[in-house]
Structures are given as C-alpha cells and as structure tokens.
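The values are calculated or read from the model by the stated rules, or taken from the named source; none is laboratory data. Fair warning: this is a prediction, and the values are worked out from it, not measured in the lab. Note that we place each Cβ from the backbone using ideal geometry, even for glycine, and neighbour counts take in every protein chain shown.
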Amino acid sequence: FQTVFVGKNKPQKDPLSSFRWQGFKLDEYLIGQPIGKGCNAAVYEAAIPSSRHHRAESDRLAGQGPAVQRDRGLASQVAEEEPVEKHQEAFPLAIKMLWNISAGSSSEAILDAMGRELVPATGVALAGEYGAVSGHRKPVLGRKKLQPHPNIIQVIRAFTSSVPLLPGAFTDYPDVLPLSLNPRGIGHSRTLFLVMKNYPCTLRQYLRGTSPDVFLSTMMILQLLEGVDHLVRHGIAHRDLKSDNILVEFDSAGCPWLVITDFGCCLADENVGLRLPFTSSYVDRGGNGCLMAPEVITASPGPGTVINYSKADAWAVGAIAYEIFGLANPFYGHGESTLESRTYLEDELPSLPDHVPLEVKQVVKRLLQRDPSKRLSARVAANVLHLTLWGESVLASETLKPDQMIAWLLCQSAAALLTDGLVDKSRVETKMKMCFLANLEYEDLWAAIFLLLAWRSRSG
C-alpha cells in the first residue's frame with residue numbers, strides 16, 4: 001500500500017510552475033495590500049504579471065499611485081470590498097517579508113539566522129540564492145529538509161533583497177524599518193522574503209464566521225494530525241501550532257483544506273532530532289506558551305535534561321480541536337475557566353458538544369493527556385479518525401480478522417485511486433485517504449482498531 005500511495009501523496013500544483021526561472025527577485029513581483037502581520041514578519045498579496053493585460057488588471061485591483069498605500073488590513077476585510085475569488089485570481093501569491101533586526105545585511109548571515117523559515121521550501125525555492133543547480137545548495141545550519149505534504153505549506157521562492165517601503169509599513173511596523181526608510185528604525189537594509197500560495201483565510205478567521213458540521217470538523221482535525229505526523233516522521237517539531245498559523249482554502253466540494261504554516265519557531269536540527277538538550281534557560285523551547293505541551297513548559301533546564309517533542313504538536317492539535325468544534329480554546333484567555341498547560345488536570349478539560357461522536361471526543365481527550373507516554377501519537381490518532389469516518393463496515397464485524405482488514409484496505413485503495421484519477425484530484429477526502437494508505441504501519445493500525453473497539457465496548 002505504501003509503495004502505491006507514497007508517490008501520490010503530494011501537495012497541490014505550484015502556482016509558479018509556469019514561471020520556472022522567474023520569481024527570484026523582488027522587483028519581478030507586483031505587490032498588493034497587506035494580508036497579515038505577525039511578531040516577526042508582514043505578509044502581502046503578490047503576483048508575477050504574465051502579460052500586459054494581467055498587469056493592468058492587477059494594477060486596477062491594487063490601486064495606482066497613492067491608492068497602493070491604502071491599507072485594507074486582513075483578508076477578511078478584503079472580502080467586504082470585492083469577491084475574494086476575484087481578488088485572489090489577480091494576486092495568487094503571498095510574500096512574507098521577515099523583519100531583520102539582528103541578522104546583519106549579508107545574504108549568508110540572513111539565511112543562517114532565518115533558516116527555520118526555509119524548512120518547508122521546495123527544491124528550487126533557493127535557486128536564486130545558490131544558483132540554478134539545486135545540488136549546489138548549501139545546507140542551512142544543518143537543518144532538516146521537509147518533503148512536500150498536502151497539509152504543509154510550500155515555500156516556492158526564497159531570496160534576500162533590500163527592504164522596500166510597502167503599503168502600511170509606517171502604520172504597522174515602523175520600528176523595524178531600516179534607517180534609510182525611517183530615521184528611528186532599527187532594522188537592517190536587507191532581509192529574507194518567502195513566496196507562497198495566497199490562501200483565502202486563516203483557520204481562526206474561518207471559524208470566526210463559520211460553524212462547520214461534525215464531519216467537516218473531524219476532517220479538519222484529521223488534516224492537522226496528518227500534517228503533524230508528517231513532521232514527526234521527518235524529525236521536525238513545529239512548536240507554534242495555533243489557529244493563526246493554519247491556512248484554509250476549499251476543495252471543489254466545499255471542504256476546508258488546512259495547511260500548517262509559519263515554521264519560524266520549529267525544531268528541525270539534524271543533530272538533535274526531536275530530543276532537544278535543555279541545558280540552560282537560554283535554549284529556545286518554541287513559541288506560543290499557551291499551547292506549549294506540559295512536558296515542554298514544565299521542563300527545568302540543567303545538565304542531562306532533554307525535552308522530547310515527539311508528541312508536543314499532537315497535544316496542540318487537541319487544544320485547537322476545541323476551537324474547531326465551536327468552543328473557546330481552554331488554554332487561552334484569563335479567568336477561572338482558563339487552564340494552563342503547566343498545571344491543568346485532565347478532569348478539568350471542558351466537555352465537547354453532545355453532537356460530537358464518542359470516538360472523536362476520546363481522541364481529543366487522549367491527545368491532551370499530560371503524560372506523553374499515555375498520549376496518542378499523531379499517527380494513531382489519525383488512524384482512529386480514518387476508521388471512524390470510513391471504516392464502519394470493518395469495525396462492525398464481531399470477529400475482526402487480518403484478512404478482513406486487508407480486504408477493506410484494498411477497497412479503500414481502489415476507491416481513492418479511482419476518485420483521484422477519474423473524478424477530482426483536489427478533493428480533501430481523497431487526499432486524506434491517500435495519506436492514510438501511504439503511512440500504513442501494521443502496529444499503528446491495530447492500535448487504533450483496539451482503541452476504537454475498547455471505547456465502544458465501554459460505552460455499551
């Protein structure tokens with residue numbers, strides 16, 4: 001099964017596939033309005049004009065002259081002014097400009113300091129920095145290279161360039177501008193730019209205006225688990241999973257397609273893998289303390305102390321699941337009802353809504369176990385959800401045997417291949433089935449089956 005599906009388990013088409021040797025210089029892009037801002041970067045809509053007509057249309061949407069400086073804010077505000085689909089056709093790309101405060105202005109120093117951001121970069125993304133032959137690419141500080149996955153962002157171009165004056169700069173981030181643009185700025189004159197696909201919204205923005213049904217909600221949690229499992233298999237921990245760092249688009253059936261983004265806090269070190277020596281308080285444990293797994297946030301620095309991140313991102317998915325099911329994240333906010341990952345007890349976790357299936361409730365509960373040894377791995381949790389969504393026929397058997405499981409897997413494989421080949425290559429459901437089949441492991445699959453059967457027998 002793995003042999004058939006590993007090669008098919010790929011992300012969507014690269015938006016710059018028709019611009020193979022373009023996009024490695026900032027002046028090749030038409031940059032529109034800001035679509036987001038974080039603690040270390042600003043993100044702008046962008047396009048590479050392919051013709052005079054495209055440039056004219058993009059200029060019309062972006063505004064000309066002083067209108068370019070008009071800041072329309074986040075993508076949710078853009079939707080109020082014109083259809084998002086139309087706007088994204090004109091600006092299919094997003095450019096992330098990192099703020100360079102301490103890395104210096106040489107390309108080498110910038111790439112070394114910001115190398116984590118390059119973990120999800122494609123093989124050709126850095127061709128402009130290292131030359132056209134990708135084999136000459138220098139490893140960035142011994143960081144791991146992540147293979148593509150449908151639920152992981154792809155950085156399709158990465159290059160250093162002089163910091164330009166972009167729309168909203170003086171309003172949103174004046175202090176990090178270089179002296180040449182702002183006499184009071186503390187930023188360096190060059191920085192790193194990342195080019196990605198432009199997505200309609202973040203998961204937080206999507207959930208703010210939509211209440212997905214149980215099936216869609218379960219599919220979204222499943223996608224996050226598949227993405228996290230992919231990271232774990234490559235020895236990478238994201239360490240900053242939150243609904244702001246998850247992007248959303250929609251397949252042809254209207255199902256949300258989730259993509260994990262923003263790898264600036266990730267652990268992707270060839271030398272340590274997922275086990276980080278925590279020898280002093282100066283060692284970076286990652287971002288977002290609210291969603292930091294208990295074993296990470298309670299670790300005490302010292303000789304011999306090691307933080308194991310193998311299930312830390314899975315814990316964060318469990319916390320985000322509350323948001324997906326329409327509840328407040330129990331680890332956010334202030335007040336008596338807010339939990340802290342450092343001190344909470346499992347019994348204090350809020351109940352999920354009654355309409356959420358027992359199996360899904362159990363998965364979330366087991367993902368939020370304080371003890372990592374009792375916590376589900378992302379792989380086993382994903383397998384449980386796969387079986388819950390599509391394996392009822394095999395789970396209903398009173399005496400489940402291996403040959404029955406193999407027959408079911410063969411049926412799932414045939415259905416996934418036929419749907420992908422004849423119906424629609426961009427269906428989330430088909431992609432998830434392919435992820436499941438590409439990552440099949442005998443022990444993990446049976447662990448998920450035994451868990452499901454045990455939960456069902458206890459509930460009567």
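Structure above, values below:
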{"quantity": "Region 194-227 - residue that is assigned to a helix (DSSP H, G or I) and aromatic (Phe, Trp, Tyr) and, of those, nearest to residue 110 (Cα to Cα)", "calculated": "206"}
{"quantity": "Test: residue in region 369-376 that is of a type outside the set (Phe, Trp, Tyr) and part of a helix (DSSP H, G or I)", "calculated": "no"}
{"quantity": "Contacts under 6 angstrom Cβ, first residue in region 362-389 being of a type in the set (S, T, N, Q), partner outside any helix (DSSP H, G or I) and surrounded by fewer than 21 Cβ atoms within 10 Å (Cβ to Cβ), 6 or more apart", "calculated": "none"}
{"quantity": "Test: residue 236 is in the same structural domain as residue 284 (by TED's automatic domain parsing), in contact with a Lys or Arg (Cβ under 9 Å, 6 or more places away or on another chain), of a type in the set (A, V, I, L, M) and buried (at least 23 other Cβ atoms within 10 Å of the Cβ)", "calculated": "yes"}
{"quantity": "Residues of region 343-357 satisfying the condition of being surrounded by 12 or more Cβ atoms within 10 Å (Cβ to Cβ) and charged (D, E, K, R)", "calculated": "346"}
{"quantity": "Scan of region 322-342 for residues that are of a type in the set (D, E, K, R) and buried (at least 16 other Cβ atoms within 10 Å of the Cβ), ordered by number", "calculated": "323"}
{"quantity": "When residues of region 262-276 are limited to those that are among the charged types (D, E, K, R) and not in a loop (DSSP other than H, G, I, E, B), the one farthest from residue 154 (Cα to Cα)", "calculated": "275"}
{"quantity": "Unmet criterion (only one of (1) within 23 Å of the chain's Cα centre (by Cα); (2) in the same structural domain as residue 226 (by TED's automatic domain parsing)) for residue 435", "calculated": "(2)"}
{"quantity": "Selected residue [over 16 Å from residue 377 (Cβ atoms), within 24 Å of the chain's Cα centre (by Cα) and surrounded by 15 or more Cβ atoms within 10 Å (Cβ to Cβ)] from 312, 319", "calculated": "319"}
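Residue-wise test of (1) farther than 23 Å from residue 275 by Cβ; (2) surrounded by 21 or more Cβ atoms within 10 Å (Cβ to Cβ); (3) of a type outside the set (Val, Ile, Thr).
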residue: 205; (1), (2), (3): yes, no, yes
residue: 208; (1), (2), (3): yes, no, yes
residue: 212; (1), (2), (3): yes, no, yes
residue: 216; (1), (2), (3): yes, no, yes
residue: 225; (1), (2), (3): no, yes, yes
residue: 242; (1), (2), (3): yes, yes, yes
residue: 254; (1), (2), (3): yes, no, yes
